[in-house]
Amino acid sequence: MRAATEYLWFETKKARELVRITDQVGAVVEQSGIQEGMVLVSAMHITAGVFVNDNEPGLFEDIWTWLEQLAPKGPDYHHHRTGEDNGDAHLKSMLVHHQVVVPITKGELDLGPWQQIFYAEFDGRRRKRVIVKAMGE
Amino acid sequence: MRAATEYLWFETKKARELVRITDQVGAVVEQSGIQEGMVLVSAMHITAGVFVNDNEPGLFEDIWTWLEQLAPKGPDYHHHRTGEDNGDAHLKSMLVHHQVVVPITKGELDLGPWQQIFYAEFDGRRRKRVIVKAMGE
Amino acid sequence: MRAATEYLWFETKKARELVRITDQVGAVVEQSGIQEGMVLVSAMHITAGVFVNDNEPGLFEDIWTWLEQLAPKGPDYHHHRTGEDNGDAHLKSMLVHHQVVVPITKGELDLGPWQQIFYAEFDGRRRKRVIVKAMGE
């Protein structure tokens, strides 16, 4: 069995941002030499997410509108008693989930034709990390 | 380490459909000979999901009603500027998640008594795939 | 390759409860001797969830309020025709997802500074299980 671990760092300019990371994850897999296995891509923060969907700007707008409807930014969260103002970012992270597992087949990410991996920042403008851990043979 | 990969194909008659796939995933695990490990079951499309829940028709109705409330079908998505009309299917896919990892113990899927694996089609009537990748020993 | 499997049992006093299980998962990993790999933490029930977020009581209140808004308890679910009254618990389980995969690096859970693993009970007061399956080397 082989394992390879890499940490991707992000410091988004905006509080909320989607970053396509398929190529960076693919590079970790390629360098690992793993032919058959899985790669875990997991945000190491509780106000960020990782998901797989379409690389289409119109859809990005829809995702942001939708997340704002289901987990709105606002002053009313109990969490804000701690001095934080990012209660919505925690709920958004739970909603999109903070991780995906991507299959590795014949040395490459085995994604469908339209599948792209995204890092979703819900409370940015500071350095944050995603772990990429590949495992296989 | 052993790995086994299988692609399940679906072409649902309706645009939206739930298909129970526990037995097909179990068959991949059995054929792999893996005794201890994990199997990833992951939709290769961005308008489909994979989830684990109860095999109960009343609940299926509740799930569809609920998904329609939280991510309704409609003409108002920005994504539709591309000519698509399936914006809701993308959001539904994000909501239920597109994958599960099922533990393998003593050569079998290690699921709870009521747990069943489902493929959730949100924009069907064409051929679509799920990857089943088992890993272990 | 090494694998280790443990089942955590829960019998919560309340119907709904969040239980922090990071230390129990960490203990399984430590006992396994696995240095590099992944550990799957997965509820074996369809009315429970497992998620990673912040260990902050104000946030817990926000999570419960939010789950109740998006998947309310009520008498109107089709699933209740079976005699059950926990339709909401199934939807809550789908919403937060029933599992996480935690990376193992240098023999330890490789979590971010604020990440904690939680078992989320949506229909408790009876014995329920979570499987913890570690895999690696």
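The values are calculated or read from the model by the stated rules, or taken from the named source; none is laboratory data. Everything quoted here is computed from the prediction, not taken from an experiment. Cβ atoms come from the backbone with ideal geometry, glycine included; neighbour counts cover every protein chain shown. Protein only, heavy atoms only, side chains kept; ligands, DNA and RNA dropped before computing areas. Shrake-Rupley method; radii C 1.70, N 1.55, O 1.52, S 1.80 Å.
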Considering each residue of region A:90-133, count those that are of a type in the set (A, V, I, L, M), open to solvent by 10 Å² or more (accessible area, probe 1.4 Å) and not in a strand (DSSP E or B), and give that number. 2
So B:ARG2 passes all but one of these: (1) modelled with pLDDT of 95 or more; (2) closer than 20 Å to A:ASP62 by Cα; (3) of a type outside the set (A, V, I, L, M, F, W, C). Which condition number does it fail? (2)
Of the residues in region B:72-102, those that are within 13 Å of chain C (Cβ to nearest Cβ) and hydroxyl-bearing (Ser, Thr, Tyr) come to B:SER93
Among (1) open to solvent by less than 10 Å² (accessible area, probe 1.4 Å); (2) without any contact (Cβ under 8 Å) to a residue 24 or more places away in the chain, the one test that C:GLN69 misses: (1)
Confirm whether C:GLU11 is away from every other protein chain (no Cβ under 12 Å), open to solvent by 60 Å² or more (accessible area, probe 1.4 Å), within 30 Å of B:MET1 (Cα to Cα) and modelled with pLDDT of 95 or more. no
Looking only at region C:27-59, and only at residues there that are more than 7 Å from every other protein chain (Cβ to nearest Cβ) and in contact with a Phe, Trp or Tyr (Cβ under 9 Å, 6 or more places away or on another chain), the one that is surrounded by the fewest Cβ atoms within 10 Å (Cβ to Cβ): C:ASN55
For region C:116-133, does any single residue satisfy the condition of being among the basic types (Lys, Arg) and within 12 Å of chain A (Cβ to nearest Cβ)? no
Going by the conditions given, is C:GLY136 of a type in the set (Gly, Ala, Ser), open to solvent by 10 Å² or more (accessible area, probe 1.4 Å), touching a residue at least 40 places away in the same chain (Cβ under 8 Å) and out of contact with any Pro (no Cβ under 9 Å at 6 or more places or on another chain)? no
Could you tell me which of the residues C:LEU8, C:LEU59, C:LEU91, C:LEU40 is within 21 Å of C:LEU109 (Cα to Cα) and touching a helix residue (DSSP H, G or I) at 6+ places or on another chain (Cβ under 7 Å)? C:LEU8
Would you check which residues across region C:9-65 are among the polar types (S, T, N, Q) and in contact (Cβ under 8 Å) with a residue 40 or more places away in the chain and list them? C:THR12, C:THR22, C:GLN24, C:SER32, C:GLN35, C:SER42, C:THR47, C:ASN53, C:ASN55
Contact list, first residue from region B:103-114 and over 18 Å from C:THR47 (Cβ atoms) and at the interface with another protein chain (Cβ under 9 Å from one of its Cβ atoms), second anywhere and surrounded by fewer than 18 Cβ atoms within 10 Å (Cβ to Cβ) and of a type in the set (S, T, N, Q), beta-carbon distance below 9 Å, six or more apart or interchain, is B:ILE104/B:GLN35; B:THR105/B:GLN35
Going residue by residue through region C:77-89, is there one that turns out to be in contact (Cβ under 8 Å) with a residue 60 or more places away in the chain, under 30 Å from A:THR82 (Cα atoms), open to solvent by less than 10 Å² (accessible area, probe 1.4 Å) and under 18 Å from the mean Cα position of the chain (by Cα)? no
